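This is the structure I have questions about; it appears just below.
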Amino acid sequence: MVFANIEYLFLLLLLIPYVVWYIMKRKKNEAALQVSDTRVYAHAPKSYKYYLLHVPFALRILALTLIIVVLARPQTTDSWQNSEIEGIDIMMAIDVSTSMLAEDLKPNRLEAAKEVAAEFINGRPNDNIGITLFAGESFTQCPLTVDHAVLLNLIKDVKCGLIEDGTAVGMGIANAVTRLKDSKAKSKVIILLTDGTNNRGDISPLTAAEIAKSFGIRVYTIGVGTNGTAPYPYPVGGTVQYVNLPVEIDEKTLTQIAGITEGNYYRATSNSKLKEVYEEIDKLEKTKLNVKQYSKRQEEYRWFALAAFLCILLEVLLRNTVLKKIP
């Protein structure tokens with residue numbers, strides 16, 4: 001038996017002064033009928049009412065006790081558990097260059113990536129996950145954390161224009177590596193999402209991949225963008241005009257990065273394809289679990305409530321029938 005609101009049991013302490021008050025009150029009571037000598041009644045048989053005299057008070061105490069137990073919500077549990085949960089560390093490196101505003105994915109590449117990334121995070125509650133953003137430079141939006149509520153809030157704030165434009169793929173990988181290199185987790189992963197080719201940064205993508213490999217970090221690369229051309233919004237005056245720009249993804253380099261680190265390269269040409277990519281990565285990087293768990297919890301307050309009601313009912317009946325007092 002366990003209690004969901006066990007703090008209510010402290011109310012039982014209030015019954016102690018109530019009992020003391022009752023005893024003191026009984027001692028101060030004066031007899032309703034006074035006689036000069038009671039020796040004549042010394043051997044008279046006692047009525048059964050004499051033995052029931054304190055029963056109403058006892059019933060009231062019992063009823064109050066049961067009501068407090070009901071407030072504490074007694075529950076029965078029948079559970080056993082033998083689990084070893086080992087989370088992995090994941091850094092999500094997301095391209096926030098202005099080309100991510102292209103609308104071949106809906107509403108655009110960046111918003112689609114954010115939505116799918118949020119679903120991925122929600123599906124991995126035991127993992128340390130962080131976010132690295134990169135364009136012309138790179139910075140950490142959120143370090144590794146198991147507080148996924150904070151992480152999801154920070155994802156909502158991700159947008160293009162936060163840093164200088166460009167596509168520094170190597171810097172994005174390197175920044176993520178610095179967050180993972182000292183990790184004690186047995187599995188360390190970077191999920192890199194980009195829609196272009198490396199054109200900025202002091203570290204080349206393949207050099208960054210070699211660094212990741214040296215720390216035992218696996219990199220999954222995702223090229224996001226349709227085949228051919230994609231509509232890109234250009235602000236003109238107070239309106240927005242769309243220009244079809246060619247989709248240029250360096251699939252060769254992204255494939256090499258994945259190969260060096262024993263990861264995989266994926267191409268996401270639509271929202272559904274992007275979701276399938278993250279689902280595939282989720283399957284490949286499953287958290288190692290050894291769980292044997294069974295749990296059953298049931299509320300048991302009903303019997304205590306019924307017993308309290310019967311106690312109150314019996315007290316009322318006694319006080320108004322066989323133990324009724326005449327003023």
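The values are calculated or read from the model by the stated rules, or taken from the named source; none is laboratory data. Quantities reported herein were computed from a predicted structural model and do not represent experimental measurements. Note that each Cβ is placed from the backbone with ideal geometry, even for glycine, and that neighbours are counted across all protein chains shown. To get the accessible areas, we keep the full protein, side chains included, count just its heavy atoms, and leave off ligands, DNA and RNA. Shrake-Rupley method; radii C 1.70, N 1.55, O 1.52, S 1.80 Å.
Which angle between 0 and 90 degrees, to the nearest 10, do you get for helix 169-180 versus the longest principal axis of the chain when only C-alpha atoms count?
30 degrees
Could you count how many Lys pairs in the stretch 64-223 have their Cα atoms under 23 Å apart, skipping same-chain pairs fewer than 8 positions apart?
10
Helix 55-71 versus the longest principal axis of the chain: what angle, 0 to 90°, nearest 10, using Cα atoms?
Around 0 degrees separate the two axes.
Round to the nearest 10 and give me the degree value, 0 to 90, for the angle of helix 109-122's Cα axis relative to the longest principal axis of the chain.
That works out to roughly 40 degrees.
May I ask for the distance between the Cα centers of the stretch 1-15 and the stretch 142-158, given as a whole number of Å?
Each part reduced to its Cα centre gives a spacing of 38 Å.
By how many nm would the segment from Leu13 to Gln241 lengthen if fully extended, with 0.36 nm per residue of separation less the alpha-carbon distance?
Length gained, Leu13 through Gln241: 74.6 nm.
With each label point set 7 Å from Cα along the Cα-Cβ vector, what nm distance links Lys324 and Ile61?
2.7 nm
Further, regarding this structure: Taking Cα pairs under 8 Å and at least six residues apart, what relative contact order does the chain come out at, in percent?
24 percent
Moving to a separate point now. What does the C-alpha gyration tensor say about the overall shape of the stretch 147-201? Classify as rounded when a/c is under 1.5, otherwise prolate if a/b is larger than b/c, or oblate.
It comes out oblate by the Cα gyration axes.
State in Å² the accessible area per residue of the chain; use a 1.4 Å probe, count heavy atoms of protein chains only, and round to the nearest integer.
59 Å²
May I ask you to derive the FRET efficiency for Thr197 and Leu284 from their Cβ-Cβ distance with R0 = 30 Å, giving the value to the nearest 0.05?
0.70
So if the hydrodynamic radius of the chain is defined as the Kirkwood radius over C-alpha pairs, what does Stokes-Einstein give as its diffusion coefficient at 20 °C and 1.002 mPa s, in µm² per second?
Answer, rounded: 83 µm²/s.
Tell me the accessible surface of Tyr18 in square angstrom (1.4 angstrom probe, heavy atoms of protein chains only), to the nearest ten.
Number for this one is 50 Å².
Related question: Among Trp303, Trp21, what's the order by accessible area (1.4 angstrom probe), most exposed first?
From most accessible down to least: Trp303, Trp21.
Which FRET efficiency value, to the nearest 0.05, do you get for Tyr22 and Trp303 by plugging their Cβ-Cβ distance into 1/(1 + (r/R0)^6) with R0 = 25 Å?
It comes to 0.40.
Give me the number: length gained by fully extending Glu262 to Thr98, i.e. 0.36 nm times residue separation minus the C-alpha to C-alpha distance, one decimal in nm.
In short, 56.1 nm is gained.
What part of the accessible area of the stretch 108-203, given as a whole %, is carbon or sulfur when the probe is 1.4 angstrom?
With neighbouring chains kept in place, the figure for the stretch 108-203 is 46 percent.
By how many nm would the segment from Ala149 to Asp182 lengthen if fully extended, with 0.36 nm per residue of separation less the alpha-carbon distance?
Extending this stretch completely gives an extra 9.5 nm.
Rounded to the nearest 0.05, what FRET efficiency is calculated for Gln75 and Leu317 with R0 set to 35 Å and r the Cβ-Cβ distance?
FRET efficiency, Gln75 to Leu317: 0.65.
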